[in-house]
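Accompanying notes for the structure given below.
Every number in this text was worked out from the coordinates using simple rules, so none of it is lab data. The model shown is predicted, which means the values in this text are computed figures rather than measured ones. Glycine also receives a Cβ, built like all others from the backbone with ideal geometry; neighbour counts cover every protein chain displayed.
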Amino acid sequence: MFGWLIGIVLRSIGGPSAKCRADRGKCEQVPVCDNVPLQGGNFFFPESWRYAVMATAGMVFLGVFFRPFLVVLGFAALAIVSRMYQRHIRFPLGIELGVFGTVICAVLYGPIMGAIVGLVAYPVSIVYTKEEVRYLPVALLGICAAAFAGGAVGVGSWNIVALGVGVTVLYDVLTGGIYYLVYRAPLFGGIVFGVTHVWFNYIMFSRLGEWVLNILM
């Protein structure tokens, strides 16, 4: 009699877990009595909230960490494709997207992320174009200098066209000077590359630079 009354009281104030403790003799048929979940989940942190918080954290994580890498790798892929014609036209033309992608990513995500564009694109592209590997370290040095210059200056006091053209000139003077002084590369070819490189990047930054930044910011 008293056990029945105690069971009613405990069930009314303690929920399913208390019911199992009160009717210990009847719970022997249930495999695990004390592990019966509370109805409705945690009062202070409902299950639906947990899913929402996890989904939000996942979106923030992808947006903060993976989006910059996806953008950088996308520009690196464009730079690789833009240099493929060099395999068939053995002439030093400066029509390529390495500096453009480097400057855009350096402005958006910092100089290290910007440098990754060229550090990935140039070694991969020369495998296809079959250019001389001895020039690669100089190109990588130049693209790192371009990335750090673009990331350090940014677009606060410069517009993207002036910044892009200025970084292109820096890259061409640095790499061209080393090619000529160290490797005795033909001066005429270096001048042709520099002129076409500056012209092409001026077109790219003036037509697409600000538009690309507005999309990715």
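Per-residue packing, averaged as other Cβ atoms within 10 Å, sorts the ranges 119-132, 138-151 into the order 138-151, 119-132, beginning with the highest. With neighbours defined as other Cβ atoms within 10 Å of a residue's Cβ, the residues ARG134, ARG83 order from fewest to most as ARG134, ARG83. Once backbone amide H atoms are built at 1.01 Å from N, GLY94 has THR196, HIS197 as its partners under 5 Å, excluding neighbours fewer than 5 places away on the same chain. Between the listed residues LEU140, ALA106, GLY151, the Cα displaced farthest toward the positive end of the dipole of region 66-185, a dipole computed from Cβ unit charges relative to the Cα centre, is found at LEU140. One quarter of the convex hull surface built on the alpha carbon atoms of region 77-172 amounts to 5.5 nm², the projected area averaged over directions.
By how many nm would the segment from LEU136 to MET54 grow when fully extended, if each residue of separation counts as 0.36 nm and the alpha-carbon distance is taken off? Display every interim value, and only then the final one.
On the way: separation 82, 0.36 × 82 = 29.52 nm, distance 4.48 nm.
Contour length minus Cα-Cα distance gives 25.0 nm.
Per-residue Karplus couplings for region 146-152, computed as 6.51 cos²θ - 1.76 cosθ + 1.60 with θ equal to phi - 60°, are listed in order as 5, 5, 5, 5, x, x, 6 Hz, Gly and Pro entered as x. In region 161-217, Cα pairs under 8 Å separated by at least six residues give a relative contact order of 50 percent.
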